[in-house]
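Q: Once you've had a glance at the structure underneath, I'll fire off some questions.
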Amino acid sequence: MEKKYTITEVSNKYDINANTLRYYERIGLLPNIPRQSNGNRYFTEKLLNWLEMIICLRHSGVPIEALIDYAKLLQKGPKTLEAREELLREQLDALYLKKKNLQRSIDRLEHKIGLYESKEILDEQSYFEEYEIRKDQKNSWKDLQ
């Protein structure tokens, strides 16, 4: 007999709010979740695997709308393989762009922290001079005063 997990058990196992699980079911991210005779939802291993996929994609920044599309495509079966692959490729491209932008921010912060650690920050060089902002905004600052 297949193990049945209550919504509380699933919520605790994946550190996800029970209301979020209900919401995921309501918007179609989770297939219809079976209910016990008392009306309580229960999750099977298959549903847990599906949920893990949804959580993984959600944590990677895939928007809810894209997840709903993906879930609908999955439920339609093999005839949607190309569409699913394309959707995932688009999400991967978006993640690579985020990664690039995050790395740029990390590099700048590490550089700035290095200036503090080496005490070079005391050399009278401000952010404006270092990034040549002052030239571009010199007149803009006067306009604000």
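Derivation of every value follows stated rules applied to the coordinates shown; laboratory data play no part. Keep in mind that this is a model prediction, so the values were computed, not measured. Neighbour counts run over all protein chains shown; Cβ positions are idealised from the backbone, glycine included.
Q: With θ taken as phi - 60° and the coefficients 6.51, -1.76 and 1.60, list the Karplus ³J(HN,Hα) couplings across the range 10-21 in order, rounded to whole Hz; mark glycine and proline as x.
A: Result, rounded to whole Hz: 5, 4, 5, 4, 9, 6, 10, 4, 4, 5, 5, 4.
Q: While we're here: Per residue of the range 35-48, in order, report the coupling 6.51 cos²θ - 1.76 cosθ + 1.60 (Karplus, θ = phi - 60°) as ³J(HN,Hα) in whole Hz, putting x for Gly and Pro.
A: 10, 7, 4, 7, x, 6, 5, 9, 10, 9, 4, 4, 5, 5
Q: Still on this structure, I have one more. Tell me, what HN-Hα J-couplings in whole Hz come from the Karplus equation 6.51 cos²θ - 1.76 cosθ + 1.60 at θ = phi - 60° for each residue of the range 68-75, using x for Gly and Pro?
A: Karplus values, whole Hz, x for Gly and Pro: 4, 4, 4, 4, 5, 4, 4, 5.
Q: Based on the mean of other Cβ atoms within 10 Å per residue, sort peptides 92-100, 2-10 so the most packed one is first.
A: Ranked from most to least packed, the peptides come out as 2-10, 92-100.
Q: Over all alpha-carbon pairs of the range 1-66, lay out the pair-distance distribution in 10 Å bins, whole %, shortest bin first.
A: Histogram of Cα-Cα distances, whole percents per bin: 20, 60, 18, 3.
Q: Tyr5: net charge of surrounding residues, Cβ under 12 Å, Lys/Arg +1, Asp/Glu -1, itself excluded?
A: +2
Q: Here's a follow-up. Under the classification rounded if a/c is under 1.5, otherwise prolate if a/b is larger than b/c and oblate if not, where does the range 1-130 fall, given a ≥ b ≥ c as square roots of the Cα gyration tensor eigenvalues?
A: Note, shape of the range 1-130 comes out prolate.
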